[in-house]
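Colleague: Below is the structure I would like to discuss, written out as structure tokens.
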Amino acid sequence: MTKKNKPIELEDVVIRFSGDSGDGMQLTGTLFSNTAALLGNDIATFPDYPAEIRAPQGTVGGVSGFQVHFGHARVKTPGDLADVLVAMNPAALKANARWLKPGAMIIIDVDNFTPKNIEKAGYKEDPIREEKLEDYNVIQAPITSLTKRALEDMGLDMKSVLRSKNMFALGMIYWIFNRPLKFTEDFFKSKFKRKPEIIEANERVLKAGYYYAETIEALHVTYVVKPAEIEKGTYRNINGNTATAWGLIAAAEKAGLQLFVGSYPITPATGILEELALRKNLGVITVQAEDEIAGITTSIGASFAGLLAATTTSGPGLALKSEALGLAVITELPLVVVDVQRGGPSTGLPTKTEQSDLMQVLYGRNGESPVAVVAASTPANCFYYAFEAARLALEHMTPVVLMTDGFLANGSEPWKIPAMSEMPEIKTRIVPEGTDDYEPYKRDPETLARGWAIPGTPGLEHRIGGLEKDEISGNVSYDPVNHQVMTNIRTEKVKRIVHDIPELKVEGEQEGDVLLVGWGSTFGHLKSAQEEMDQEGKKVGLAHFNYINPLPGNVEDVFGNFEKILVCELNMGQFAGYLRMNFPQFDYHQLNKVQGLPFTVAEIKEAVNNLLEG
Amino acid sequence: MSKETSQGVVYTPKDFKSDQEVRWCPGCGDHAILNSVQRAMSQLAIQKEKYAVISGIGCSSRFPYYMATYGFHGIHGRAAAISTGVKVANPELSVWTITGDGDSLAIGGNHLIHAVRRNVDINLLLFNNRIYGLTKGQYSPTSVKGQVTKTSPYGTVEPPFNPGELVIGAKGKFFARTLDGNIKLSTDIFIEAARHEGTSVVEILQNCVIYNNGAYADITDREHKEDRQIILRDGEPMIFGKERDKGLILDREHMKLKVVKIGENGISEKDILVHNSTENNPGLHMMLVNMRWPNYPVALGIIRNVAAPTYDMAVHAQIGKVKESSPINKMDDLLTSGNTWEVQ
Ligand SMILES: Cc1ncc(C[n+]2csc(CCOP(=O)(O)OP(=O)(O)O)c2C)c(N)n1
Ligand code: SF4
Ligand SMILES: [Mg+2]
């Protein structure tokens, strides 16, 4: 081992791994993130992959990326621009060159920069020059050939050999950032338990990359990013989909109910169903239904039968569920619907993030059909909002939609694990056996929630369904005045949830020039922008919404404290329109983006600065 | 005959009647079916609170409102899916799915075949009036080719489904056929359907007096019914006819059923096929459900009744098995499992 120069300390670093969708970049990024988290860095990750599992090799459309941001301080976003780019081929460079910080380090697998690949990526002959990256710290590493050499005496087939070249790149990155290989080696050992030759191959290549980085001249500096100052406790890494699944299980346990989930696979929501299917040990029932309609209707059946029922989907699936969601509204049964949004309309951008389902969630049903709506804002808080959605559904006897999106679903962050004893109680509305004055639509006067009489309970036999109900008995009623009364009650019931949710908090300045307004997954970027502007001495606050319907009770007070309001969202202005409808007395400026990508902090700051100047 | 439940209760059909006024058209076949279901339930020795009657949308799907049991009137086509959720959520319930030919074979066709494929333990009563009743007379997937309805003023040009063929094709283990007006046969079949563990599909040939009156007249009229229906009973030869002189044999050369006259061409009673609903091979059952007047009598009774594991039981058995061997028994265990680290 040659002697290392003293490493340079950095506050935070953004690394982007990119290659063909078959190059294993998601795994590489995940392994690096896990190591960083285990060493105590705060992290945020952003996987960005094409819709096709094996998109045409070597083309820009087939590039799969994984960005990780790790730091000594709290990290709130996966980062706008990368300090380090790993590009396994010219197409990966092409797709990512515009996301680099000036002077960034670029590690390319020079073996893949053949004339054919260069042309396929849309370059003429010298990608580095054509991208004007000559002044950047470009490391031309023969990753493929060195991987082959490291494994030449192992007798593996060429496919297996090439499959491990991502570990060479990972090894290089570990050396540059002074990371131990141990956690990743442990991963190989548990993952490939029954394939010792694969364990050995991966370890060899990982080490080959590590020592290569140490040996070559170009890398005479290395970096450290010290552990973050974070709250004491036990931590784990968690992504939004797993957190959502766990929040539902936690709510079922708190409520003393079994969890039932009827769902149909759809990107980017599938991970929730997959995680829940694993949790038979906690009694979770999953039904992979024949379609989304069966997903929600099996769940409605399970809710009628007395279980905590949920259905998970993305925008196109939610469209199929609309009629049945109305059935849950009129039968006033508890139900959680999770919408992991993606780019639309139609099949749109299945693997990309967007917030364009808001109007569909709020209004995409026939009739006056109010549902409660909450939105998670970080990967880890998907846990709390899934729990909260279930709590509201059970305590208020209503369907609740939880909105997340592709960015939260696949993104991950370290999470301080809560103890179940810290989670709020959930009191169900189950009608006890022996209640003699039971009527299906008799309500709690405060919340207007009706009682939940469970089939199997003697003496509480009753019929409910999708036809309009008589106000108390629940019998079918075509009475005109009764329909008005019931419509009012259903609306009022959801409105009254406002007494059961926290007020809106403002981050940063409590009054001032510009109030940033956001909802859902944009929190990290908005919060970073607000903090940076705070340091620049600008009077900017952030009001971020997790409760969408009903809105918190103090919105008017908050909005009234700022000169200007800037509503930022990854759609064409749906939340802004919703706010205009609810609070028409304010003027709303908008920042909107529909590129299948999150905001960058820079974009947000620019928009605020324009407002401050204007 | 009424039987005592495990709790010592003896029911009469009246115990299953709700206080709601029955709103089907006078003379509609649905009235008789309601009657048969209430009779069957009173004879099943199941506590009343264990019944859940689930429907979709249609005239027939109003059924749950007229029952004094737990009931759920769903949305169009989704009765089988809602029922699946109810049954999997609580396998102790006796779940009855009420659906029409439009509800289960048009808009809900997908849910029907998948419930049957999974073998969810529900009793699915398919009210087949070969018409859309509730929407006032449009053709359905079982309307006969050429049928004139409001949406086929010149006759339909599409061939119909035969529900039994579809159900057996979807790996169905129980299929029976009955007539709305034959309360005795219907009651017996409903009882067997309830006893069968798995998806029991009962097709009820139901007359809609308003929009498709007489749809089954050719096989039900007093004059001819014995010659045009055959009621299949396990262990009994497939003999029918007013004179009980006709029977079914297998024409082995053409691999199809053939109607023969006992006493002619050397045929005696012992040549006639004997019904066995429990035969796993669906070949003969498929031929029986496909028999159509005038070439054959229409088969009634329990045509297929084969034991097989049910979906709801399999789901719960798997959960039980995983629970036994897992170190994770509660949420706190899961939260702290796997890769975690301490921050001091
Ligand atoms: C989503 C939807 N589409 C259409 C309808 C209109 N509709 C109600 S019942 C029905 C057909 C009913 O026919 P069938 O299932 O055979 O029942 P029947 O009335 O004959 O008993 C239709 C088309 C509806 N209620 N919902
Ligand atoms: S329309 Fe036909 S099916 Fe409907 S209630 Fe009247 S007779 Fe019965
Ligand atoms: Mg019909």
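Colleague: Per residue, how much accessible area does chain B show when a 1.4 Å probe rolls over the protein heavy atoms, in square angstrom?
Modeller: On a per-residue basis, 43 Å².
Colleague: For a 19 Å ceiling on Cα separation, which of these pairs sit above it: A:K427/A:K493; A:K527/A:K605; A:K493/B:K87; A:K94/A:K116; A:K6/A:K76; A:K76/A:K527? Mind dumping the intermediate values first?
Modeller: Details: A:K427/A:K493 17 Å; A:K527/A:K605 11 Å; A:K493/B:K87 30 Å; A:K94/A:K116 14 Å; A:K6/A:K76 29 Å; A:K76/A:K527 8 Å.
From A:K427/A:K493; A:K527/A:K605; A:K493/B:K87; A:K94/A:K116; A:K6/A:K76; A:K76/A:K527, over 19 Å: A:K493/B:K87; A:K6/A:K76.
Colleague: Moving on. Under 26 Å from the Cα of B:K246, which lysines turn up, not counting those fewer than eight places away in the same chain?
Modeller: B:K184, B:K225, B:K256, B:K258, B:K261, B:K270
Colleague: Once fully extended, how much extra length lies between A:V481 and A:M359, figured as 0.36 nm per residue of separation less the alpha-carbon to alpha-carbon distance?
Modeller: Here the segment from A:V481 to A:M359 would lengthen by 41.0 nm.
Colleague: How would A:T457, B:T69 rank on accessible area, largest to smallest, probe 1.4 Å?
Modeller: Largest accessible area first, the residues go A:T457, B:T69.
Colleague: Suppose we keep just the DSSP beta bridges with both residues in the protein assembly as shown; what percent of those would be antiparallel, to 5?
Modeller: So the antiparallel bridges amount to about 35 percent of the total.
Colleague: Here is a follow-up. Starting from the amide H of A:N554, placed 1.01 Å from N in the peptide plane, find each other amide H under 5 Å away whose residue is 5 or more places distant or on another chain.
Modeller: HN-HN under 5 Å from A:N554: A:L504.
Colleague: Also: With +1 on the Cβ of every Lys and Arg and -1 on the Cβ of every Asp and Glu, and nothing else charged, how large is the dipole of the protein assembly as shown about its Cα centre, in debye rounded to the nearest 20?
Modeller: Value, rounded to 20: 2300 debye.
Colleague: Step through the table entries A:K120/A:K193; A:K191/A:K280; A:K193/A:K352; A:K232/A:K495, compare each Cα-Cα distance with 31 Å, and write down the pairs that go over it.
Modeller: Details: A:K120/A:K193 38 Å; A:K191/A:K280 22 Å; A:K193/A:K352 34 Å; A:K232/A:K495 38 Å.
From the list (A:K120/A:K193; A:K191/A:K280; A:K193/A:K352; A:K232/A:K495), the Cα-Cα distance tops 31 Å for A:K120/A:K193; A:K193/A:K352; A:K232/A:K495.
Colleague: With a Cα-only, solvent-free Debye model of chain B, what are the log10 I(q)/I(0) values at q = 0.07, 0.12, 0.14, 0.15 Å⁻¹?
Modeller: Each listed q corresponds, in turn, to -0.33, -0.87, -1.14, -1.28.
Colleague: Between rounded, prolate and oblate, where does the range A:506-612 land on the alpha carbon gyration tensor, with a ≥ b ≥ c its root eigenvalues, rounded for a/c under 1.5, else prolate if a/b exceeds b/c? Don't skip to the answer; put the middle values down first.
Modeller: On the way: a/c = 1.55, a/b = 1.10, b/c = 1.41.
Oblate, since a/c reaches 1.5 and b/c is not below a/b.
Colleague: Divide by every residue of chain A the summed helix terms, -39500 (n - 2.57) for each DSSP H run of at least 4, and state the resulting mean residue ellipticity at 222 nm, rounded to the nearest 500 deg cm²/dmol.
Modeller: On the way: 21 runs with 224 residues, N = 614.
Roughly -11000 deg cm²/dmol at 222 nm, from the helical runs in chain A.
Colleague: Determine the total buried accessible area between chain B and chain A, counting protein heavy atoms only with a 1.4 Å probe; round to the nearest 100 Å².
Modeller: 5100
Colleague: Give me the log10 of I(q) over I(0) for the range B:123-214 at q = 0.19, 0.21 Å⁻¹, as the Debye formula computes it from C-alpha points; what are the numbers?
Modeller: Taken in order of the listed q values, log10 I(q)/I(0) reads -0.90, -1.01.
Colleague: From Cα pairs below 8 angstrom and at least 6 apart in sequence, can you work out the relative contact order of chain B, rounded to a whole percent?
Modeller: Relative contact order of chain B: 14 percent.
Colleague: Using only DSSP helix segments of four residues or longer, with each worth -39500 (n - 2.57), what per-residue ellipticity at 222 nm results for chain B after dividing by its residue count and rounding to 500?
Modeller: -7500 deg cm²/dmol
Colleague: Counting heavy atoms of the protein chains only and a 1.4 Å probe, report the per residue accessible area for the range A:320-418 as a whole number of Å².
Modeller: Details: 2130 Å² over 99 residues.
Per-residue accessible area for the range A:320-418 comes out at 22 Å².
Colleague: Provide the per-residue ³J(HN,Hα) series for the range B:21-38, in order, calculated from phi with Karplus coefficients 6.51, -1.76, 1.60 and θ = phi - 60°, each as a whole number of Hz, with x at glycine and proline positions.
Modeller: The phi angles translate into 5, 6, 10, 5, 4, x, x, 5, x, 4, 4, 5, 5, 4, 4, 5, 5, 5 Hz.
Colleague: Shifting gears a bit: Treat each spin label as a single point 7 Å out from the Cα along the C-beta direction, and report the B:Q20 to A:S346 distance in nm.
Modeller: The answer from the label model is 4.2 nm.
Colleague: What spacing in nm lies between the two simple spin-label points modelled at A:K159 and A:E433, each 7 Å away from Cα in the Cβ direction?
Modeller: Those two pseudo-labels are separated by 5.9 nm.
Colleague: Whole-Hz Karplus ³J(HN,Hα) for the range A:577-586, in order, using 6.51 cos²θ - 1.76 cosθ + 1.60 and θ = phi - 60°, x for Gly and Pro?
Modeller: Values per residue, Gly and Pro as x: x, 5, 5, 4, 5, 7, 10, x, 6, 9 Hz.
Colleague: For the range A:236-422, give the percent of accessible area contributed by carbon and sulfur heavy atoms, probe 1.4 Å, rounded to a whole number.
Modeller: Working: 2040 of 4000 Å².
That fraction is 51 percent.
Colleague: In nm, to one decimal, how far is the modelled label at A:K189 from the one at A:N554, with both set 7 Å along Cα→Cβ?
Modeller: 5.2
Colleague: Also, quick follow-up: Return the Rg/Rh value of the range A:236-422, two decimal places, where both radii are evaluated on C-alpha atoms and Rh is the Kirkwood radius.
Modeller: With Rg and the Kirkwood Rh in hand, the quotient comes to 0.93.
Colleague: Among DSSP beta bridges whose residues both lie in the range B:13-215, state the antiparallel percentage, nearest 5. The partial results should precede the final answer.
Modeller: On the way: 3 of 29 bridges.
Of the beta bridges lying entirely in the range B:13-215, close to 10 percent run antiparallel.
Colleague: Give me, ordered by chain and number, the residues 5 or more places off B:I231 or on other chains with an amide H under 5 Å from its own placed amide H.
Modeller: B:L300
Colleague: Can you list the residues in the range B:310-325 whose accessible area drops by at least 10 Å² when all protein chains are present, compared with the chain alone? Use a 1.4 Å probe, heavy atoms only.
Modeller: B:Y311, B:V315, B:H316, B:Q318, B:I319, B:V322, B:K323
Colleague: Next question. Using a 1.4 Å probe on the protein chains only, how many percent of the accessible area of the range B:125-264 belongs to carbon and sulfur?
Modeller: 50
Colleague: For B:S268 and B:K323, what is the calculated FRET efficiency with R₀ set at 56 Å and r taken between the beta-carbons, to the nearest 0.05?
Modeller: According to the calculation, E is roughly 0.40.
Colleague: Hey, another quick one. Assuming a viscosity of 0.692 mPa s and a temperature of 37 °C, what translational diffusion coefficient in µm² per second does Stokes-Einstein assign to the range A:293-340, Rh being the Kirkwood radius over Cα pairs?
Modeller: 316
Colleague: I've got another one for you. Calculate, in whole percent, how much of the Cα-Cα pair population of the range B:13-215 lies beyond 30 Å.
Modeller: On the way: 2704 of 20503 pairs.
For the range B:13-215, the fraction of Cα-Cα distances above 30 Å is 13 percent.
Colleague: Once you have all Cα-Cα distances for the range B:196-344, histogram them in 10 Å bins from zero and send the whole-percent values.
Modeller: Answer for the range B:196-344: a P(r) of 9, 27, 22, 13, 8, 8, 7, 4, 1, 0 percent.
Colleague: Calculate one ³J(HN,Hα) per residue across the range A:194-211 by plugging θ = phi - 60° into the Karplus curve 6.51 cos²θ - 1.76 cosθ + 1.60, and present them in order as whole Hz with x for glycine and proline.
Modeller: 8, 10, x, 5, 6, 4, 5, 4, 4, 5, 4, 5, 4, 5, 4, x, 4, 6
Colleague: Right, next: Cβ neighbours within 10 Å, averaged per peptide: list B:226-235, A:143-152, A:476-485 in order, most packed at the top.
Modeller: A:143-152, B:226-235, A:476-485
Colleague: The range A:8-224: percent of C-alpha pairs farther apart than 26 Å?
Modeller: Tail of P(r) above 26 Å: 30 percent of Cα pairs.
Colleague: Also, quick follow-up: For A:N237, list long-range residues whose amide hydrogen, built 1.01 Å from N in the peptide plane, is under 5 Å from its own amide hydrogen.
Modeller: Those lying under 5 Å, H to H, from A:N237 are A:W415.
Colleague: Rg(Cα) of chain A divided by 2.2 N^0.38 Å?
Modeller: Dividing the Cα Rg of chain A by 2.2 N^0.38 Å gives 1.05.
Colleague: Counting only C-alpha contacts under 8 Å and six or more residues apart, can you give the relative contact order of chain A as a whole percent?
Modeller: In percent, rounded to a whole number, it is 11.
Colleague: Right, another one. To the nearest 10 square angstrom, how much accessible area does A:F192 have with a 1.4 angstrom probe?
Modeller: 50
Colleague: Using a 1.4 Å probe over the heavy atoms of the protein chains, calculate the carbon and sulfur portion of the accessible area of the range A:8-224 as a whole percent. Walk me through the numbers before you get to the answer.
Modeller: Values: 4830 of 9280 Å².
Accessible surface attributable to carbon and sulfur in the range A:8-224 totals 52 percent.
The values are calculated or read from the model by the stated rules, or taken from the named source; none is laboratory data. No experiment lies behind these values; they were computed from the predicted model shown. Every residue, glycine among them, receives a Cβ derived from its backbone with ideal geometry; neighbour counts consider all protein chains shown. Keep in mind that these areas ignore ligands, DNA and RNA; they rest on the heavy atoms of the full protein, side chains included. Shrake-Rupley method; radii C 1.70, N 1.55, O 1.52, S 1.80 Å.
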